[in-house]
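Visitor: Here it is, the structure, as C-alpha cells.
The values are calculated or read from the model by the stated rules, or taken from the named source; none is laboratory data. Owing to the predicted nature of the structure, the values given are computational and were not obtained by experimental measurement. Positions of Cβ are backbone-derived with ideal geometry, glycine not excepted, and every protein chain shown enters the neighbour counts.
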Amino acid sequence: MTGDVPAVPMPARITPFRLFAGLARWDYYPIAFLGRLPFAMTTVGVLALVVGVRGSVAEAGLASAAAGVATAVSGPLLGREADRRGQRGVLLACSAVTVVALVLLLALVYSSAPVGAVALAALLLGGAVPQVGPFSRSRMARYASIVPGGESRRAMSLVMSYESIADEASFVLGPVLVGVLATLGGAWAPFAVAAVLAAIFPVAFALHPSGAFEPHAAMPGAAPRGSVLSVRVLLLVPAMALVGGVFGATLTGLTGFLGDRGAESQTGTVYGAMSVGSILVAFGVAALPQRFALPGRWLAFGGVAIAGLSALTLAGGVGTAVLSLFLAGCGVGAVLVTLFSLGTAAAPHGRTTMVVTMLQSALTVGQALVIAGAGAAVEAGGPTAGFLLALGCAALVTLLAVAYLIRFRR
C-alpha cells in the first residue's frame with residue numbers, strides 16, 4: 001500500500017449527504033457500525049454475565065476490569081501494527097481470537113472454574129476484541145483529508161461528528177442488546193450474539209475497498225512513532241481515562257441500584273438513557289459555531305455532566321435515575337466528541353490510528369479500573385458510592401479542561 005491516494009470524487013454542489021456518498025460506498029456505514037457492537041457489548045456483557053450466573057458484583061467487576069485492562073494495553077499496540085502494516089491483517093486475527101474467547105468465557109462462567117480462570121478468559125477477550133471504531137475514525141479522517149476543492153476542513157468536521165455519533169449509537173445499542181437478550185434468552189444470549197457479530201462484520205470491514213484509504217506509517221512524510229507523545233496528545237489521555245471512569249462507576253452503581261430493586265437484568269437498558277443523551281448532543285455538536293472552540297466545549301459540557309451526576313446521587317426511583325442519566329450523558333457525550341476531535345487534530349502525519357487507539361484504550365482502561373474499585377465500593381456502601389465516584393471523575397475531567405485551556409489558550 002502506498003500513500004498516493006486518488007482524490008475522492010465530489011459532486012459540484014456538496015451537501016452533507018452527498019459528501020458522505022463521495023467519501024465511501026454506502027455499504028461501508030452499516031458494516032462499520034455493526035462491527036463496533038462486539039466491542040460495545042463486551043464490558044456490560046461480562047458484567048451482566050458474571051452477576052447473572054454467579055451472583056457476585058465483586059467477581060463481575062474483576063472480570064470486567066480484566067477485559068478492559070487488556071483492551072487498553074492491546075489497543076495502542078494494534079493501532080501501531082495497523083499504522084505499520086495496514087488494518088486488514090490485524091482485524092482478521094482479532095476477529096478469530098474474539099470468537100474463541102467468547103465461547104471460552106461462557107463455558108468457564110457456567111462451570112465451577114475459579115474466578116481467576118474467568119478473569120483470564122476475560123483478559124483474552126478484551127485483548128482481542130476488534131476495535132473497529134478507532135480504525136474507522138482514522139480511515140474516514142484520511143478520506144476527509146483528500147477531499148478536493150477546499151472542502152477538506154468541512155469534511156473533517158462532518159467525519160468527526162459522524163464517527164462520534166456512530167460510537168455513541170453503538171454504546172447505546174450494545175448495552176440495550178445485552179439487557180434485552182439477557183432478559184429474553186438468559187445471561188448467555190448476549191455472548192452468543194456477540195460471537196456471531198464478531199465473526200462477520202469486523203471481517204467485512206477489514207476486506208472493504210475503503211481500506212485503500214487508511215492512513216499508515218509508509219505514507220510519504222509520515223512522522224516518527226515517538227511523535228505521538230506530544231504534550232497536546234498526552235494531556236488528552238488522562239481526560240479520556242476519567243471519562244471512562246464516569247461510565248464505569250455509573251454502570252456499577254446502576255447495577256447495584258437496580259439489583260436492590262430486583263431488576264439487575266435491566267441494567268443495560270436503563271444505562272442506555274445515558275448514551276441516548278450522548279447521541280442527541282453529538283448530532284448537535286457539528287452545528288456549534290466555530291468560535292465555540294473545542295477546549296471551551298470540553299469545559300462547558302463537563303459542567304453539564306457534573307450536574308447530571310449530582311442529580312443521580314439523589315435519585316430515589318428508576319424514573320429519576322433515567323432522567324439524571326440522560327442529562328449526564330448529554331455532558332459526557334459532548335466531552336467524548338471533543339476529546340476525539342482534539343486528538344485527531346493533534347495526531348502526527350501517518351499516526352492517526354495509533355493516537356485514536358491510545359485515546360480509545362485510555363477510555364477503556366479508565367472504565368475497567370474504576371469498575372474494579374466501584375464493585376467493592378458498591379457492595380460496601382451501596383449504589384450511591386458508585387455514583388459519587390462517577391461524580392468525582394467528572395469533576396477531574398472538568399479540571400483538566402481548565403488546565404488544557406491554560407496550556408493551549410491560543
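Visitor: So, in region 58-88, exactly how many residues are among the hydrophobic types (A, V, I, L, M, F, W, C), buried (at least 24 other Cβ atoms within 10 Å of the Cβ) and either touching a residue at least 60 places away in the same chain (Cβ under 8 Å) or farther than 21 Å from L104 by Cα (or both)?
Guide: Counting residues in region 58-88 that are among the hydrophobic types (A, V, I, L, M, F, W, C), buried (at least 24 other Cβ atoms within 10 Å of the Cβ) and either touching a residue at least 60 places away in the same chain (Cβ under 8 Å) or farther than 21 Å from L104 by Cα (or both) gives 7.
Visitor: Any idea which of A58, A70 is of a type in the set (A, V, I, L, M), under 20 Å from the mean Cα position of the chain (by Cα), assigned to a helix (DSSP H, G or I) and under 24 Å from V378 (Cα atoms)?
Guide: A70
Visitor: For region 89-98, indicate whether the set of residues that are in contact with a Ser or Thr (Cβ under 6 Å, 6 or more places away or on another chain) and buried (at least 17 other Cβ atoms within 10 Å of the Cβ) is non-empty.
Guide: No: region 89-98 contains no residue that is in contact with a Ser or Thr (Cβ under 6 Å, 6 or more places away or on another chain) and buried (at least 17 other Cβ atoms within 10 Å of the Cβ).
Visitor: From the residues in region 196-221 that are of a type in the set (A, V, I, L, M, F, W, C), in a helix (DSSP H, G or I) and crowded, with 19+ Cβ neighbours inside 10 Å, which one is modelled with the lowest pLDDT?
Guide: Out of the qualifying residues, it is F213.
Visitor: I want to confirm something. Restricting to region 110-128 and keeping residues that are touching a residue at least 40 places away in the same chain (Cβ under 8 Å) and over 25 Å from the mean Cα position of the chain (by Cα), which single residue is farthest from S56 (Cα to Cα)?
Guide: Result: Y110.
Visitor: While we're on this one: Which condition number does A58 fail, the rest of (1) over 27 Å from E168 (Cβ atoms); (2) modelled with pLDDT of 80 or more being met?
Guide: (2)
Visitor: Also: How many residues, within region 222-264, are within 27 Å of A368 (Cα to Cα), outside any helix (DSSP H, G or I), at pLDDT below 80 and of a type outside the set (D, E, K, R)?
Guide: Final tally of qualifying residues: 3.
Visitor: Just wondering, is there one or more residues in region 99-120 that are within 20 Å of A362 (Cβ to Cβ) and touching a helix residue (DSSP H, G or I) at 6+ places or on another chain (Cβ under 6 Å)?
Guide: Looking through region 99-120, none of the residues is within 20 Å of A362 (Cβ to Cβ) and touching a helix residue (DSSP H, G or I) at 6+ places or on another chain (Cβ under 6 Å).
Visitor: State yes or no: is A334 touching a residue at least 60 places away in the same chain (Cβ under 8 Å), of a type in the set (A, V, I, L, M) and either part of a helix (DSSP H, G or I) or surrounded by fewer than 24 Cβ atoms within 10 Å (Cβ to Cβ) (or both)?
Guide: no
Visitor: Could you grab the pairs with beta carbons closer than 7 Å, sequence gap of 6+ or different chains, first residue in region 377-406 and at positive phi, second one crowded, with 19+ Cβ neighbours inside 10 Å?
Guide: G382/G256
Visitor: Test L339 against the criterion of being assigned to a helix (DSSP H, G or I) and surrounded by 24 or more Cβ atoms within 10 Å (Cβ to Cβ), and give yes or no.
Guide: Yes.
Visitor: For region 22-38, enumerate the residues that are surrounded by 14 or more Cβ atoms within 10 Å (Cβ to Cβ) and either modelled with pLDDT under 85 or more than 24 Å from L369 (Cβ to Cβ) (or both).
Guide: G22, L23, A24, Y28, Y29, I31, A32, F33, L34, G35
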